[in-house]
Amino acid sequence: MSELDLIYKLAPAPKLNGDNGGFEGYASVFHLLDYHNDIVAPGAYKEDAPRFLKEGFIGGVGHDHSNPIGKPQRLFEDGYGLFLDALLVSTSKAQEARELITSDVVRKLSVGIMPMQVKTLRTKGEVIDYWKKAGWNPSDEEMLRAEHGARVIKRAKLLEVSPVALPANELSEITSYKSHSPDVLTDVFKRLDALEATVKRLTSVPDAEFEECEKLLQGFRDYIGVH
């Protein structure tokens, strides 16, 4: 994650077209071996992201496709995963979802995809080799799941993104949300806290870059008077 990425995520969110609220976060995180034994590789969403940004939808909680709750406002890949900024609509289901999100009951995101290009890693050794090349430091649970090999998704069609309580990729999460009438400063504080939590989880970043991230975060806190 570059310094530019950090500054971008600290910037105030764009003004919403309406007062129904919204949220943002990582819909998918690269390199992690999820509960379905899938790994999403960087670039997997790059070709399809523009189409989804124009035509896609945010599904109801738990992939409720029959009750869409919003639409994407921004969608892009960075060095960590697929970042999403979503706008909620005014339906009852959408506002129920908003209450769950703002109450921190539902904190995660999940993608519905159609794999278009995959590579099968049949052994644990092949999975570990992939991680070494990617600079990914797997968790103990990932190492256990790697016993069964993995499917690397190199290209995918994005069908929908939904807030969920139990994601397949445990690092795919909502990093901040916007209330009906956002308090800008409160929103900045929430985004800063979420970013700090993300930086602390990063294990594949060189020490020098990690220290630079911490300095940037502290400098921002000093600037807005938060310690």
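The values are calculated or read from the model by the stated rules, or taken from the named source; none is laboratory data. A quick note: this is a predicted structure, and the numbers were derived from the prediction, not measured. Neighbour counts run over all protein chains shown; Cβ positions are idealised from the backbone, glycine included.
Might you check whether a residue that is in a strand (DSSP E or B) and touching a His at 6+ places or on another chain (Cβ under 9 Å) occurs anywhere in segment 37-50? Yes - at least one qualifying residue is present in segment 37-50. Looking across segment 55-74, the residues that are surrounded by fewer than 21 Cβ atoms within 10 Å (Cβ to Cβ) and in contact with a Gly (Cβ under 8 Å, 6 or more places away or on another chain) come down to PHE57, HIS63, HIS65, SER66, ASN67, PRO68, LYS71, GLN73. Checking every residue in segment 71-81 against the condition of being more than 30 Å from VAL127 (Cβ to Cβ), touching a Phe, Trp or Tyr at 6+ places or on another chain (Cβ under 7 Å) and in a strand (DSSP E or B) gives at least one match.
Residue selection: ASN37 fails the criterion of being over 28 Å from ASN137 (Cβ atoms) and in contact with a strand residue (DSSP E or B) (Cβ under 8 Å, 6 or more places away or on another chain).
Within segment 114-136, residues that are surrounded by 12 or more Cβ atoms within 10 Å (Cβ to Cβ) have Cβ atoms under 6 Å from residues that are at pLDDT below 95 in these pairs: TRP136/SER204, counting only partners at least 6 apart in sequence or on another chain. Within segment 51-70, how many residues turn out to be over 16 Å from the mean Cα position of the chain (by Cα) and part of a strand (DSSP E or B)? Total satisfying the criteria: 3. Considering (1) outside any strand (DSSP E or B); (2) modelled with pLDDT of 95 or more; (3) farther than 20 Å from ALA27 by Cα, the lone condition that PRO138 does not fulfil carries the number (3).
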